[in-house]
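The values are calculated or read from the model by the stated rules, or taken from the named source; none is laboratory data. Everything numeric in this text was worked out from a predicted model, so none of it was measured. All Cβ positions, glycine included, derive from the backbone under ideal geometry; neighbour counts span all protein chains shown.
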């Protein structure tokens, strides 16, 4: 345990992300099989973040107060149950319900993991460890769509077989989470400070008053919502243009592989460009690529555009996460992570539904144009963010 606790945590991130990236494209295909419209697919995609938006801040408070282990294990169990349910669901409404509970399970596990690393790592190791988390998450984003597309195409297995495949990854997550039940780990350096007990609303206000926090949250939710909408609508674009399920899976994996590269290069890029300019790069690159996306149906060209988008999208999340955990005292890290995730999930609720309505009115191509505009607008806000030297070093 002394040498392996962080490796187990990073493995949990990989299994969690891989399973989600098997599940979520398959949910779009399942919705198409059921006969869902473009707008309904947007509502199903938005449902994933609906319940987690409500529980994110309370989860952060509970983790600060009661510790991380029960929330990681509970989240893993909830996600496993919902993946199994999605494999047998046959209505659009139940797809939405199962996705909502799946999202809440992910919040439990994610807040627990991120808070554990913040509390049990020396300050000079947090950036590297969150960078490792980001890389493992990106590897999961590479593996998940490729596995889902491959398994679904085997002997006509379809979405049901792919969704059951996701359950196997989640069973592994449950096993790893159970193995981390002795917390904090012996190698940890947990800071001995009592948790804050202020009400959820007061805690949110306190966190949001931190310098440049609103701008960092905007960049974070724009990037995360864009990734979610791509996962939901690249399959729809492919279906509309005769692109196979396996090819779509590879396209989504290529986007994630480019994110791995950008996250591996994150520390030198941050030293070279600074936080403000790196945030801008992470927003403007994918914005331009997505504006061009609906101009072609060529799989190689779509792959290039998604790789460019993926490189930019890979930068924002680990930077904002490391900055948030450095900006708050030890007794408030769970709630700060919860507030950040609540903002992300708010974007994941509102934006897919709005973009689904855009797609329903103007066609699926309009969704990618709107994403490009969203990212460019977010870059304009970030350009004016007060990222001073202290906040910008993470």
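Among the helices (runs of 4 or more DSSP H) confined to segment 182-265, the ones with at least 2 residues that are at pLDDT below 80 are located at 200-208, 213-240. Residue selection: residue 154 fails the criterion of being modelled with pLDDT of 70 or more and crowded, with 20+ Cβ neighbours inside 10 Å. Of all the residues in segment 49-67, those that are over 17 Å from the mean Cα position of the chain (by Cα) and more than 22 Å from residue 180 (Cα to Cα) number 1.
Filtering segment 286-304 to residues that are touching a helix residue (DSSP H, G or I) at 6+ places or on another chain (Cβ under 6 Å), farther than 18 Å from residue 359 by Cα and surrounded by fewer than 21 Cβ atoms within 10 Å (Cβ to Cβ) leaves 299, 303. Considering 80, 18, the condition of being touching a helix residue (DSSP H, G or I) at 6+ places or on another chain (Cβ under 7 Å), at negative phi, modelled with pLDDT of 85 or more and surrounded by 24 or more Cβ atoms within 10 Å (Cβ to Cβ) is satisfied by 18 alone. Filter segment 38-49 down to residues that are at pLDDT below 80 and surrounded by 20 or more Cβ atoms within 10 Å (Cβ to Cβ), then give me how many there are. Number of matching residues: 5. Just one of the listed residues (108, 71, 133) is buried (at least 24 other Cβ atoms within 10 Å of the Cβ), without any contact (Cβ under 8 Å) to a residue 60 or more places away in the chain and under 28 Å from residue 312 (Cα atoms), and it is 108.
Residues that are at pLDDT 85 or above and either on the phi > 0 side of the Ramachandran plot or not in a helix (DSSP H, G or I) (or both) within segment 266-296 comprise just one, 296.
Set side by side, the residues 74, 137 differ, and just one is touching a helix residue (DSSP H, G or I) at 6+ places or on another chain (Cβ under 9 Å) and modelled with pLDDT under 85, which is 137. Considering 54, 88, the condition of being outside any helix (DSSP H, G or I), more than 18 Å from residue 114 (Cα to Cα) and out of contact with any helix residue (DSSP H, G or I) (no Cβ under 7 Å at 6 or more places or on another chain) is satisfied by 88 alone.
Whenever a residue of segment 299-320 is touching a residue at least 60 places away in the same chain (Cβ under 8 Å) and on the phi < 0 side of the Ramachandran plot, its partners that are outside any helix (DSSP H, G or I) and surrounded by 18 or more Cβ atoms within 10 Å (Cβ to Cβ), lying with C-beta atoms within less than 8 angstrom and at least six residues away or across chains, give the pairs 319/394.
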